[in-house]
Each structure stands twice: as structure tokens, then as C-alpha cells.
Amino acid sequence: MIEKIIVLGGKGGVGKSSISAATAVILSDLLPEKKFLLISFDMAHNLSDLLSKDIGNIITPITSNLWAIEPDANEYAEIYTKDLVQKMKTLMKQMPLVGMIPQIEGFIDTTFTSDSIPLALKNAMFFQKILDAEDINSQEVQYDIIIADFPPTANMITLFEIPEDQIKVVLKYSLNFYNSIKGAMRNFSKMFRQILKPFNDDYEKRKELGKEIFNMIVDLEKRGERITELIHTVGSLRLVSIAEKPSYEEVKRARDLTEKYINLEAIHINMLTPDPKHCNFCEKMRQIQLKFSAEIKKEFKNLKIWESNKLLEEPIGLDGLRKLALEIYKDCSVEEILNP
Ligand SMILES: Nc1ncnc2c1ncn2[C@@H]1O[C@H](COP(=O)(O)OP(=O)(O)OP(=O)(O)O)[C@@H](O)[C@H]1O
Ligand SMILES: [Mg+2]
């Protein structure tokens, strides 16, 4: 069962991906009995670079208990819409007269496209695959802890906005379409009962298919709700900032914007200039950073704060990430990293 979903957020370039990967590596080292999955939800995936390994759209083993994936959310949406379009077409073809309208197929093709599915829902479709692994009969690996690397704040919000509004738009749209055609046909058949008689035999078949389509759409809605619920209960947001004004302002905005979706549990202040010796510029730089750092700590005084210096070498590969993790978490216990 998924115990925890750790989400890293913040402004562009502050170290979200590096900290996500470093956190995944250190936690999986410290908890060898748990299974970890690191997911990139940033369209501009860079986990492959960070882990020095080709990852892409398949769950790729990194260590004995850590896996990573850079999912292609469109793929899942396309599979879904293909299925929906197929069912819609079959249904329309079986309908008296509607099936004879030559434009109907084209209309269905252009109405139900994967583009019309909101990104949040596409991600929900992908995430569902991970959750499906929890089904009793599944042969897939079941993950205990998920670590999600998100894009900068604005795009991150669209990833959370799965609930009500967006799904209901898709849902209502599809159902309205189906019902209006069904309604029109019902009136029509009343007028021409005799002529349409041969079509009535197909009625039961149509009813079944209509039900299937309805269930498909309702199921989509349920997925979105299930994931939203899961993020509410086991989600842990950690916002990353560098000790500069724009990044700090963004962290405050991100806190307010995500409040209703996920629990904010910690703040990372990353890339601090190490204590400089014999360097005037570095010394001034550090003084400015310490001022912002103090301001961030005051603003978030109820939260766990982790500070990390800028390392001389880019934290890349398992060893680089372990070094970054050590720089961030120092002598924190695994329990503290997991539940700050
Ligand atoms: N503490 C650190 N010391 C040295 N380099 C770091 C540190 N943290 C991050 N970096 C480097 O800073 C750069 C940006 O980091 P990263 O890609 O993790 O940021 P991000 O917030 O995920 O960016 P984006 O918004 O583009 O996704 C990378 O080159 C990374 O290696
Ligand atoms: Mg990133």
C-alpha cells in the first residue's frame, strides 16, 4: 500500500529534481525493506540526466528497491480515447439513421481527442496504472513510497486540479452528446415506428454498449477522485527555495495555491553559498542569502526547514545524489526525513 507520496515543488531551477532524486536515493538506502518509485511529472523530464541512466516511459530499476519513470501522460490518454471513440462509433452505427450520417465518424473523431483531456486527468490515468498494482491479483511491483518531481509552481497547480470541474466537463460533454442523440432518435422512432422496426432488435445490444460507455466515463471520474483523496491523506509537499527574493515569494504563493490539495510539511533552502574565506564577493553574497534564509525561517516557523549549501560539483549519479542528500539531511533520522 502506498504509505507516502512526497512531492517537491518550487520555482524553476532551484533544485526540485535534484532534491527529489537525492531524497529517493537516501530513503531507499535507509529503508531497504520498502519499495520506492521516483516519478517525474515535469514534461521536460531530466531524471535520466540526474541518475545517469536512460529512463523514459518505462518503470526502470535504479537500485534493488528504487525504480524511476518519466511517464508520457499522453500515451495513457490516447489509449483511453481510442477505446471511447471505438465504442461511440459502434454505438452510433447501430442507431437507426444516425449510423447512416456520413459525417458522424469524423464528428466523433474530432470531438473525443486525447488533447481535450486535461493534463491533470492524463496524469491521473498514468497514476492509476501504479495504483492498479495494488489490486490483489496484480503481478506488478507494489510501491510503498512515491517521490514526485514536479514542474515549477504554475504548472504544478494544473497537475493538482483533477477534481470536480475538469472531469465533470469531460463527463457532461460526453453524456450530453450521447443523450441528445438518443433523445432525438427516440422521438424520431416514435414517428416512424413501422419503418424503423428492424432496428429495434438491436435495442438491447445498444443499451449494453451505452452502459459501457457511461461506465468508462464514470470510472474516469472515480480515478481522479481516488487520486485526489490519496494525495490529501498521504501527500507530503516540500517546497524548495534558494535564499533570494523571487524564489521566496514563489514559495509563499505555492503554499497558498496548493493548500487545499496537499499538506505542506517542509521547506528546503538550497544552494546556499558555503562560508567563504578570503572572498569579498562570496562573503557579501552569503550575507544577503542569510538574510533571506532568516526571513524564510520566520515565515515558515512551524515547519521543518532543511538548509543545503551549493556543492562544488553538480550532484549527478547515485554517488552525487548521496552527497547532496547528506548535505541536506545531515544527521536527520529516516523517520524525520519521511515525516518531518
Ligand atoms: N545543492 C546543490 N549544489 C550544487 N548544484 C546543485 C544543487 N542543487 C541543485 N543543483 C544543480 O542546479 C541545477 C538545477 O537543479 P534542478 O534541475 O534539480 O532544479 P529544478 O528546480 O528541478 O529545475 P526545473 O525547474 O528546471 O525543473 C542542476 O544543474 C543541479 O545539478
Ligand atoms: Mg526539475
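Of (1) at pLDDT below 85; (2) touching a Gly at 6+ places or on another chain (Cβ under 6 Å), E70 satisfies all except one. Which?
All conditions pass for E70, except number (1).
Is there any pair linking a residue in segment 1-19 that is in a strand (DSSP E or B) to one that is within 6 Å of ligand 1 (Cβ to nearest atom), with Cβ under 7 Å and at least six apart or on different chains, and which?
L8/K16; G9/K16; G10/K16
Out of all the residues in segment 292-301, is one or more more than 21 Å from L326 (Cβ to Cβ), in a loop (DSSP other than H, G, I, E, B), in contact with a helix residue (DSSP H, G or I) (Cβ under 9 Å, 6 or more places away or on another chain) and among the charged types (D, E, K, R)?
No, there is no match, as no residue in segment 292-301 is more than 21 Å from L326 (Cβ to Cβ), in a loop (DSSP other than H, G, I, E, B), in contact with a helix residue (DSSP H, G or I) (Cβ under 9 Å, 6 or more places away or on another chain) and among the charged types (D, E, K, R).
Only residues that are exposed (fewer than 13 other Cβ atoms within 10 Å of the Cβ) and assigned to a loop (DSSP other than H, G, I, E, B): list them for segment 44-66, please.
A44, S52, D54, I58, S64, listed by residue number.
Please determine, by comparing only the residues of segment 308-337 that are away from ligand 2 (no atom under 16 Å from the Cβ), part of a loop (DSSP other than H, G, I, E, B) and not aliphatic (A, V, I, L, M), which one is farthest from V14 (Cα to Cα).
Step by step, filter segment 308-337, then rank; the result is S333.
I'd like to verify a number: residues in segment 233-247 that are surrounded by fewer than 22 Cβ atoms within 10 Å (Cβ to Cβ) and either touching a helix residue (DSSP H, G or I) at 6+ places or on another chain (Cβ under 6 Å) or outside any strand (DSSP E or B) (or both), how many?
5
Find the residue count for segment 27-43, including only residues that are within 14 Å of ligand 1 (Cβ to nearest atom) and buried (at least 17 other Cβ atoms within 10 Å of the Cβ).
The total comes to 5.
Does E283 count as touching a Phe, Trp or Tyr at 6+ places or on another chain (Cβ under 7 Å), surrounded by fewer than 21 Cβ atoms within 10 Å (Cβ to Cβ) and closer than 19 Å to K310 by Cβ?
In short, no.
Scan segment 248-272 for residues that are charged (D, E, K, R) and outside any helix (DSSP H, G or I) and jot them down.
Those that are charged (D, E, K, R) and outside any helix (DSSP H, G or I): E259, K260, E265.
Which of the residues spanning segment 298-314 are within 25 Å of K4 (Cα to Cα) and either within 16 Å of ligand 1 (Cβ to nearest atom) or not hydrophobic (A, V, I, L, M, F, W, C) (or both)?
Once the filter is applied, which keeps residues that are within 25 Å of K4 (Cα to Cα) and either within 16 Å of ligand 1 (Cβ to nearest atom) or not hydrophobic (A, V, I, L, M, F, W, C) (or both), segment 298-314 yields K301, N302, K304, I305, W306, E307, S308.
The values are calculated or read from the model by the stated rules, or taken from the named source; none is laboratory data. Keep in mind that this is a model prediction, so the values were computed, not measured. Here the Cβ is made from the backbone with ideal geometry for all residues, glycine too, and neighbour counts use every protein chain on show.
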